[in-house]
Protein chains: 2
Amino acid sequence: MPRDIRLVTETDLRRIIHLDLDIIDCIEAAFARLATEQVVMPPVLSMALPDVNAEVDIKTAYVPGLDGFAIKVSPGFFDNPSLGLASLNGLMVLLSARTGLVQAVFLDNGYLTDVRTAAAGAVAARHLAPGTVTTMGVLGTGVQARLQIIAAAKVKPVEKVLIWGRSARKAEKLATELRTALGVGVQAVPDRNELVAASQLVVTTTPAKEAILDAGCLHPGLHITAMGSDQEDKNELSPEILARADILVCDRTAQCERLGELRTALQSGLLGGSPDVVELGAVIAGQTAGRTRDDQITVCDLTGTGVQDTAIATLTFDRISKAQAGTLLTA
Amino acid sequence: MPRDIRLVTETDLRRIIHLDLDIIDCIEAAFARLATEQVVMPPVLSMALPDVNAEVDIKTAYVPGLDGFAIKVSPGFFDNPSLGLASLNGLMVLLSARTGLVQAVFLDNGYLTDVRTAAAGAVAARHLAPGTVTTMGVLGTGVQARLQIIAAAKVKPVEKVLIWGRSARKAEKLATELRTALGVGVQAVPDRNELVAASQLVVTTTPAKEAILDAGCLHPGLHITAMGSDQEDKNELSPEILARADILVCDRTAQCERLGELRTALQSGLLGGSPDVVELGAVIAGQTAGRTRDDQITVCDLTGTGVQDTAIATLTFDRISKAQAGTLLTA
């Protein structure tokens, strides 16, 4: 039986999908479903290609209640910049949750991943940061640094943003750009400990392989979201930070044990035999307490889940279909 | 940097890709590379969706020497027939092996899988069946029964084909169709043991969950390819058949231990502690002996590998590009 498949390029997606509150709410609802529904989310299929300095990750999740489910292919070819190409690319395929038929192919080169990753940061800020966040600090100067700031500003009335990067020039450039875009004070700072000291909400967005923050920077009323680590060799926070957190939250505990900050912390032994880790979805769904007092220290470890991909792909399909964007192919 | 992605429908693929000797040779070469090159082939990502009576498998393999690598998504939604839809669908994505960029999306609904699966049967027949195969027997009456016969006839001068199916009517229908198409004697038979007794080459293509052949049917000079089992609950051959084979061959041993005939045979204990299993690629590459005498009994367990998908996707991309078929999208 012939049917239409919608094929959508990155250009079309960037025109129609922006990081707005609806997307943040959509990602939040998806995390809640992870806690309350029989979500099927297999471990990430991760293929290392040392011959070509590359890796390919494939994520998927079936979420009851959503019309479709995404299969996301994320290739990272790290010699690409020498060819004038981006390292990260890829696409999402949306299948019908009822028939398995292909509904859409989003040739997004990772754009939807960028958006859903930043949206998860906003969800974590909404549920775990203290009631009042006047100052937000971000470590890193890449795409996620930029998007995490934009996302957090949609859920918290941030007055001031501090940015630290290994490259002071890049930090300054991002600060200048966002100052104009957000209309709040954005400042590049040279000392990351001072950044944390001044902030109620900190997001780490680096590809660091050794901790870039130590527990000495912790102070009452701080929330840290670490979203940089999504591989077995990455690490942004010292194990002591996770050990000293009053509430330690993961997007998916089993995945963070392999790919997130939780991995290093568990290896250190500082968390003890059965660490008290809760999942973000359980906090959202009210199954477990999140922050209960403004003076607590909370940490959220985000590695990126297939549930987010399925959520944003489903929302994107609705918007793109309504806009009649993309190319329809009868297959 | 904008670039073209080729999107190809099943209709276009069926017009340009047929099961010919070039494809069989291409699949054969891919198996050889599996033995001789540093192929990267992760375990199948398999997602069961009991809520909707479905499963989704994702396969991939990076094969040094090929320009691209495929990621194949195979959904099976087994209630689809009640909606007038096929159970099996899906697509293949071809990525550049040098940059990871998407080169093509083949919206094939499983067609390329059908072709590469049958081609593997022909490769097994070429390397493992006795020198002369005058009679071929096939168990099953579905798409693979049909294609396995067509494929084998391209590598062995078959004079007679016998078909057995649970449905005598379907067996008769397939026999009638192939008699005309192949121009050789094709006959539906009611007794599968008599079918095996009369054949030098047997291919089992059923979704059976319990053995449909016992060792009593074995005779000198017989080769059996079992290609029906690709899941943890399927089984076509009794463990005794594998135990009594002079040469036991797998497409990928580690995968057959989980998904193939080898699984049941190992569980039975009849193969002993360290069974003598060789891989098809090693036989093709001459690393290990295949059949050495016409009176040996050989068994080949095929579960389907990502290497085959990458091989046929690469060949398809070449042919489709030369034919300028499909739709080009700038992304």
Unpaired by the 4.7 Å Cβ criterion, cysteines found in chain A: A:Cys26, A:Cys217, A:Cys300
Under 5 Å, built H, 5+ apart or other chain: amide partners of A:Leu270: none
Nearest 10 degrees, 0 to 90: helix B:21-36 Cα axis against chain B principal axis: 90
Among B:Pro64, A:Val283, A:Thr316 the positive-end extreme of the charge dipole of the protein assembly as shown (Cβ point charges): A:Thr316
Closest-to-axis residue of chain A (Cβ criterion, axis taking A to B), whole Å: A:Leu45, 2
B:Lys160 paired with B:Asp214, simple spin-label distance in nm, labels 7 Å along Cα-to-beta-carbon: 2.5
Distance in nm between pseudo-label sites at A:Leu83 and A:Ala323 (7 Å out along the Cβ direction from Cα): 2.9
Set of lysines near A:Lys209 by C-alpha distance (under 18 Å), chain-local residues within fewer than 8 positions excluded: A:Lys234
Position A:Glu172, label points 7 Å along Cα→Cβ, spacing to each other copy in nm (shortest first, one decimal): 8.7
Separation between Cα centres of segment B:276-331 and segment A:242-262, rounded to whole Å: 42
Local electrostatic count at B:Met227 - Lys and Arg +1, Asp and Glu -1, tallied over other residues with Cβ under 12 Å: -4
Shortest-first nm distances, B:Asp294 label point to equivalent points in other copies (7 Å, Cα→Cβ): 9.3
Dipole of segment A:65-165, positive end: most advanced residue of A:Ser82, A:Gln144, A:Ala119 [Cβ charges, Cα centre]: A:Ala119
For residues of B:103-113, the mean tally of beta carbons on other chains within 10 Å: 2
Principal axes of chain A: Cα extent on each, largest first, Å: 63, 43, 43
Note, ³J(HN,Hα) from phi for segment A:107-122, Karplus 6.51, -1.76, 1.60, rounded to Hz, x at Gly and Pro: 7, 9, 6, x, 4, 5, 5, 4, 5, 5, 5, 5, 4, 5, x, 5
Contact order normalised by residue count of chain B, Cα under 8 Å, 6+ apart, percent: 22
Calculated FRET efficiency for the pair B:Ser268/B:Arg14, C-beta based, R₀ 41 Å, to 0.05: 0.50
Loop-resident sites, segment A:259-331, for trypsin sites (Lys or Arg not before Pro), counting at most 13 other Cβ within 10 Å (DSSP): A:Arg293
Other copies of B:Asp22: label-to-label distances in nm, shortest first, labels 7 Å along the beta-carbon direction: 4.8
Student exercise, segment A:1-121 dipole from Lys, Arg, Asp, Glu Cβ charges, in Debye to nearest 20: 320
Cα-centred dipole magnitude for chain A, charges only on beta-carbon of K, R (+1) and D, E (-1), debye, nearest 20: 700
Cβ-defined net charge surrounding A:Leu266, 12 Å radius [Lys, Arg +1; Asp, Glu -1]: -1
Average beta carbon contacts from partner chains per residue of B:65-77, 10 Å cutoff: 3
Point-charge dipole on Cβ atoms (K/R +1, D/E -1) for segment B:252-300, about Cα centre, debye to 20: 140
Candidates A:Leu302, A:Leu248, A:Leu182, ranked by Gaussian network fluctuation over chain A, Cα under 10 Å, top entry: A:Leu182
A:Leu21-B:Asp22 pseudo-label distance in nm [points 7 Å out on the Cα-to-Cβ vector]: 5.9
Inter-chain shielding of B:38-49 (mean C-beta neighbours from other protein chains, 10 Å cut-off): 4
Reachable aspartates and glutamates from B:Lys154, criterion Cα separation under 13 angstrom, eight or more residues apart if same chain: B:Asp20, B:Asp22, B:Asp25
Segment A:Ala254-A:Glu194, extension gain: residue separation times 0.36 nm, minus the distance between their alpha carbons: 18.3 nm
The protein assembly as shown: calculated mean residue ellipticity at 222 nm from DSSP helix runs of at least 4, using -39500 (n - 2.57): -11000 deg cm²/dmol
Formal net charge of residues neighbouring B:Leu280 (Cβ-Cβ distance under 13 Å; K, R +1; D, E -1): 0
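Read-outs: derived from the displayed coordinates by stated rules, not from any lab. Since we're looking at a predicted model, the values are computed, not measured. Don't worry about glycine lacking a Cβ; one is built from the backbone with ideal geometry, like all the others, and counts go over all protein chains shown.
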